[in-house]
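Colleague: Handing you a structure now.
No value in this document is a laboratory result; all are computed from the given coordinates. What you are looking at is a predicted structure, and each value in this text was computed from that prediction instead of being measured. So basically every Cβ, Gly included, is an ideal-geometry build from the backbone, and we count neighbours across all protein chains shown.
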Amino acid sequence: MKDKGNGSGLKGFIIGLVLIGLVLGYFYYLSVRKGGDESDEVEISPVQEVLLRNLDKSYPPSPREVLKYYGQLVQCFYGEEYTEEEFEQLAAKVMELYDDELAGNQTPEQYLENLRWDVDQWKEKETKVSSYSLPSSTDVDFFTEDGYSWARLYFGMNLRKGTQLDVINAVYLLRKDDQGHWKIYGWKLEEDLNGSGTAE
């Protein structure tokens with residue numbers, strides 16, 4: 001009888017350990033799952049995603065990629081919500097894509113003021129850039145002139161105002177700088193190509 005009692009006690013002790021282990025395991029599972037859910041809930045806005053790109057370390061490698069990133073910035077300006085600080089950061093990213101001659105046409109303060117006015121005009125008209133379009137890599141026109149490497153390509157912006165859709169097409173000119181980076185030198189709207197309009 002004594003041995004039987006010891007066996008029952010040992011059995012109860014083992015069952016108790018198993019139950020404690022199950023409870024601790026369950027609480028661990030819940031904590032891990034909760035932590036995973038919390039990380040899943042952290043969402044990055046399109047604006048934040050664009051701003052995360054470090055152009056010093058990963059500058060777009062081709063004219064097409066430069067305009068692809070430029071298109072993402074344009075979509076943010078004319079289609080997303082952002083803070084004043086993010087607005088200025090977006091503007092700084094655009095300036096990093098500009099050729100020195102283009103950037104030198106106005107001071108940073110003038111650029112911000114003009115950009116803010118332009119964005120406000122679009123918002124008043126409730127017009128957004130819903131998407132953009134780029135040519136294939138084979139449709140980029142490369143040439144050399146005045147000792148510089150140049151690239152010419154089309155860039156289209158698809159606009160939306162309520163249910164109305166519109167498209168703005170332009171030809172962009174990019175020039176390679178001393179670091180081998182393609183920079184936006186200027187552009188001309190498609191309707192001005194046969195007229196007297198000049199690149200912006």
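Colleague: Suppose the Debye formula is applied to equal point scatterers at every Cα of segment 34-135; what is log10 I(q)/I(0) at q = 0.11, 0.12, 0.20, 0.21 Å⁻¹?
Modeller: Values, matching the q order: -0.39, -0.47, -1.14, -1.23.
Colleague: Let me ask something else about it. Rg (Å, one decimal) plus Dmax (Å, integer) for the alpha carbons of segment 76-137?
Modeller: So, for segment 76-137, Rg and Dmax equal 13.0, 36 Å respectively.
Colleague: Kindly state, to the nearest 0.05, the FRET efficiency for residue 92 paired with residue 65, given R0 = 22 Å and r defined as their beta-carbon distance. Please list the in-between numbers first.
Modeller: On the way: r = 19 Å, r/R0 = 0.86.
Taking R0 as 22 Å, the efficiency between residue 92 and residue 65 is 0.70.
Colleague: Could you tell me which residue out of 106, 121, 142 lies farthest along the dipole of segment 95-162 toward its positive end? Charges go on the beta carbon: Lys and Arg +1, Asp and Glu -1, centred on the Cα centre.
Modeller: Towards the positive end, the residue furthest out is 121.
Colleague: Separate question: Can you compute the radius of gyration and Dmax for segment 101-200, using only the Cα atoms, both in Å?
Modeller: When restricted to Cα atoms, segment 101-200 yields Rg and Dmax of 15.7, 48 Å.
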